[in-house]
Amino acid sequence: MRVDLSVAVGGVSLRGPVLAASGTFGYGTEVPLLERRALGGMVSKGIFLRPREGTAPPRIAETPSGMLNAIGLQGPGVEALIRDYAPQWAEWDFPVFVNINGETAAEYGELAARLDGVPGVSGLEINISCPNVEQGGLYFGNDPHAASAVTESVRRRTKLPVWVKLTPMVSDLGVIARAVEAAGADAICAINTFVGMSMDLNAYRPRLSFRTGGLSGPAIRPLAVHLAHQVAQAVTIPVVGIGGIARAEDALEFLVAGCSAVQVGTATFVNPRAIAEVHDGIAAFMAAKGIASLSDLPRYLPRD
Amino acid sequence: MFLLDAAITGRRQVARDMFVIAIEAPAIAASVRAGQFINLGWSNGPLLRRPFSVYRTDGDRIEIVLKAVGGGTAQLLAMNRGDGLSCLGPLGHGFEISAGPKSVVLISGGLGVAPMPLAAREARSVGIRVSWVHGARGADDLCSESEGDEVVWSTDDGSKGFHGTAVAAAPDGDLVLACGPNRMLAAVADRWPDALVAVETYMGCGTGVCLGCAVPLKRGGYDRACKEGPVYRAADVDWASLPSHLPYAVTA
């Protein structure tokens, strides 16, 4: 049985529902053993207006079924991204989203304006959820007014599809989700990493130099499925599920929870073929169940 | 770069708690250069792969050298001949060894022996005379397989060879290559700024995308041990900002 895995998400048509998550795929130019046919799209490493050095090492620490990272959004700045990477993206047969970051709502707006109309850039993912920067980032993601202000600032300056990536470090994610939907977001990506800490018992201090880091990997998956589901119930725009996806069954949990697509991140560090395996596994599952297209996949979305 | 399902073909002990594991990985054995590494994963292992310098090659086999420093390496050492590994590599940029210099000095501390047998072989294949200085805590900790036109041993406790560090025991050479604890490499940088050194960092992906293995540079900023490294010109690294001790936490 042939199954149709194409899906439209927040203003973009994807040939498949599996995307590469920001920060785990670089700019797409150095990914080993990439099987493009299975890639629905990718989200670039987070970018600021200006270059950033990132945080001092150690930047990562492995934890049970997960890892903490505090990279600090190291990057070359938006001008270098436009000069060095966007021309390559323009040749590719899948859409590239740019993950944008700022210390003020106005900076996000400037980035949006700068990237609007750049060939190779198919959309923007607003990062209001990075736990590893001193200013901005997560601050915007845990307050509905700030989240709304950033989203509006971007929406006003671009015609590109705008996705907003949310932090799980809030008491009610539905409130944030509704705020960014009202501010003009085309889709919501749920969720970014959880803030965590691990101690070095020889040095009597945190293992990461930044002290805290973002927890990713299978350890967070049930938390992420729950939050993605919460967001899907709260809004009418599409939801892109993220959090600990390593296999097709993991991705299907997010889809059944109400997501339209998913992003795979940490798993690609371990298994360079993870995205292709997730994509092919979803197709095999649907074929076995006699489900012809993703829109026919049953969703568990009771509205109360 | 290759991703191979590879079987363990053998294991031998080369020092106290230090073992060499041989792995059947033909495509990697045929292409690896001294100082490059592989990233190993295995089923029911820890989440992240574990990076290892390639120690030797022998036909279709590659070898790595390791100690049980944490949960992952303990699992590896508990495996048997025939057990399967997922092997990604070769990764990173190795030592640049080409004809020209008359002599090379290899300096290794403890597990820093890892890239040296391949380096010795590459150097000798282009007619460079090899002196290998290998240091460890005590005589039992010295890797028994050091080789070269000249081998110098050093121990911290004086139980074999030179009483002191490998750096202090080393002669001068036209080319100096070093691998060992980062504080040892900092001492190498003081004496031979142009030495080529292989650094140790934590690694996430091993392929350049996660930026987890940041190496602080003297000129400012960071680059990636897994991509631009793990071999650097000694004077280019900001040693004061590179962690000199890596706590290998035990993970579930």
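We did not get these values from a lab; they are worked out from the coordinates using the rules stated. This one's a predicted model, so the numbers in the text were calculated from it and none came from an experiment. Methodologically, a virtual Cβ is constructed for each residue, glycine included, from the backbone with ideal geometry; neighbour enumeration extends over all protein chains shown.
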Quiz item: Can you give the calculated 222 nm mean residue ellipticity of chain B, where each DSSP H run of n ≥ 4 adds -39,500 (n - 2.57) and the sum is split over every residue, rounded to the nearest 500 deg cm²/dmol?
Solution: -4000 deg cm²/dmol
Self-check item: Fraction of antiparallel bridges per DSSP, the protein assembly as shown only, in percent to nearest 5
Solution: 50 percent
Self-check item: the range B:103-241, relative contact order in percent, only Cα pairs under 8 angstrom and at least six apart counted
Solution: 20 percent
Quiz item: How many Cβ atoms of partner chains, on average, are near each residue of A:221-228 if near means within 10 Å of its Cβ?
Solution: 0
Exercise. Given the peptides A:119-126, A:199-206, arrange them by the average over their residues of other C-beta atoms within 10 Å, most packed first.
Key: A:119-126, A:199-206
Quiz prompt | Inter-chain Cβ neighbour average for residues A:263-276, partner chain, 10 Å | solution = 4
Quiz item: Using a ≥ b ≥ c from the Cα gyration tensor of the range B:1-142 (square roots of the eigenvalues), is it rounded, prolate or oblate, where a/c under 1.5 gives rounded and otherwise the larger of a/b and b/c decides, a/b for prolate?
Solution: oblate
Self-check item: Lone cysteines, the protein assembly as shown (no partner Cβ under 4.7 Å)
Solution: A:C130, A:C189, A:C259, B:C87, B:C143, B:C179, B:C213, B:C226
Practice problem: Just name one of B:A169, B:P193, B:C205: the one whose Cα is farthest towards the positive end of the charge dipole of the range B:136-215 (beta-carbon charges, Lys/Arg +1, Asp/Glu -1). | Solution: B:C205
Quiz item: Among B:V65, B:P26, B:M79, whose Cα lies farthest out toward the positive end of the dipole of the range B:2-91, if unit charges sit on the beta carbon of Lys, Arg (+1) and Asp, Glu (-1)?
Solution: B:V65
Quiz prompt | Out-of-range pairs (alpha-carbon distance over 28 Å; input B:K67/B:K102; A:K45/B:K67; A:K45/A:K159; B:K160/B:K218; A:K159/B:K227) | solution = B:K67/B:K102; A:K45/B:K67; B:K160/B:K218; A:K159/B:K227
Quiz item: For the pair A:H145 and B:R183, what calculated FRET efficiency results from E = 1/(1 + (r/R0)^6), where r is the Cβ-Cβ distance and R0 = 51 Å, to the nearest 0.05?
Solution: 0.55
Quiz prompt | Whether chain A is rounded, prolate or oblate, judged on the alpha carbon gyration tensor where a/c under 1.5 counts as rounded | solution = rounded
Practice problem: Sum -39500 (n - 2.57) across every DSSP H segment of at least 4 residues in chain A, then divide by the residue count to get the 222 nm mean residue ellipticity, nearest 500. | Solution: -9000 deg cm²/dmol
Exercise. For chain A, with a Gaussian network of springs between Cα atoms less than 10 Å apart, report the residue from A:V31, A:V278, A:V175 with the top mean-square fluctuation.
Key: A:V31
Quiz item: Relative to the present Cα-Cα distance, how much length would full extension add between B:Q75 and B:A168 at 0.36 nm per residue of separation?
Solution: 29.9 nm
Self-check item: Dipole of the protein assembly as shown, positive end: most advanced residue of A:I71, A:P168, B:L4 [Cβ charges, Cα centre]
Solution: A:P168
Quiz item: How crowded by other chains is A:60-73, given as the mean number of beta carbons from other chains within 10 Å of each beta carbon?
Solution: 5
Self-check item: D_trans [Stokes-Einstein, Kirkwood Rh over alpha-carbon pairs] for the range A:194-304, 25 °C, 0.890 mPa s, µm² s⁻¹
Solution: 159 µm²/s
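What FRET efficiency would be calculated for the residue pair A:A8, A:A287, taking the C-beta separation as r and a Förster radius of 22 Å, to the nearest 0.05?
Between A:A8 and A:A287 the formula returns 0.50.
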Exercise. Between B:R191, B:R61, B:R50, find the one with the highest GNM mean-square fluctuation for chain B; connect C-alpha pairs within less than 10 Å.
Key: B:R191
Quiz item: Which of the DSSP-defined H helices in chain A satisfy a minimum axial length of 18 Å, computed from C-alpha atoms, and a minimum mean Kyte-Doolittle hydropathy of -0.5?
Solution: A:221-234, A:274-289
Practice problem: Can you bin the range A:1-46 into rounded, prolate or oblate? Criterion: square roots of the alpha carbon gyration tensor eigenvalues sorted a ≥ b ≥ c, rounded for a/c under 1.5, prolate for a/b above b/c, oblate for the rest. | Solution: oblate
Quiz item: If you average 1/r over every pair of different alpha-carbon atoms in the range B:104-252 and take one over that average, what Kirkwood value in Å do you get?
Solution: 15.8 Å
Quiz item: With springs only between Cα atoms under 10 Å, which of A:T212, A:T236, A:T266 fluctuates most in a Gaussian network model of chain A?
Solution: A:T236
Quiz item: Which loop trypsin sites (Lys or Arg not before Pro) in the range A:84-172, with loop taken from DSSP, have no more than 16 other Cβ atoms within 10 angstrom of their Cβ?
Solution: A:K159
Exercise. Quick one: compute the contact order of chain A, relative version, from alpha carbon pairs under 8 angstrom and 6+ residues apart, as a percent.
Key: 21 percent
Exercise. Mind listing the long-range amide H neighbours of B:A178? Cut-off is under 5 Å, sequence gap 5 or more, other chains count too, H placed in the peptide plane at 1.01 Å from N.
Key: B:I107, B:L196, B:V197, B:A198
Exercise. State the Kirkwood hydrodynamic radius of the range B:73-152 in Å, one decimal place, computed from all pairs of distinct Cα atoms.
Key: 14.7 Å
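Rounded to the nearest 5, what is the percent of antiparallel bridges among the DSSP beta bridges in the range A:7-296?
On the way: 16 of 42 bridges.
Restricted to the range A:7-296, the bridges split so that about 40 percent are antiparallel.
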Practice problem: Pop out the ³J(HN,Hα) list for the range B:221-226 in order, Karplus 6.51 cos²θ - 1.76 cosθ + 1.60 with θ = phi - 60°, rounded to Hz; leave Gly and Pro as x. | Solution: x, 10, 10, 9, 4, 7
Quiz item: Against the longest principal axis of chain B, how steep is helix B:182-191, in degrees 0 to 90 to the nearest 10, with axes from Cα atoms?
Solution: 30 degrees
Quiz prompt | the protein assembly as shown: equivalent-ellipsoid semi-axes (sqrt of 5 x gyration tensor eigenvalues, Cα, Å) | solution = 45, 25, 20
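Charges only on Cβ, +1 for Lys and Arg, -1 for Asp and Glu: so what's the dipole of the range A:68-223 about the Cα centre, in debye to the nearest 20?
The calculated dipole for the range A:68-223 is roughly 300 debye.
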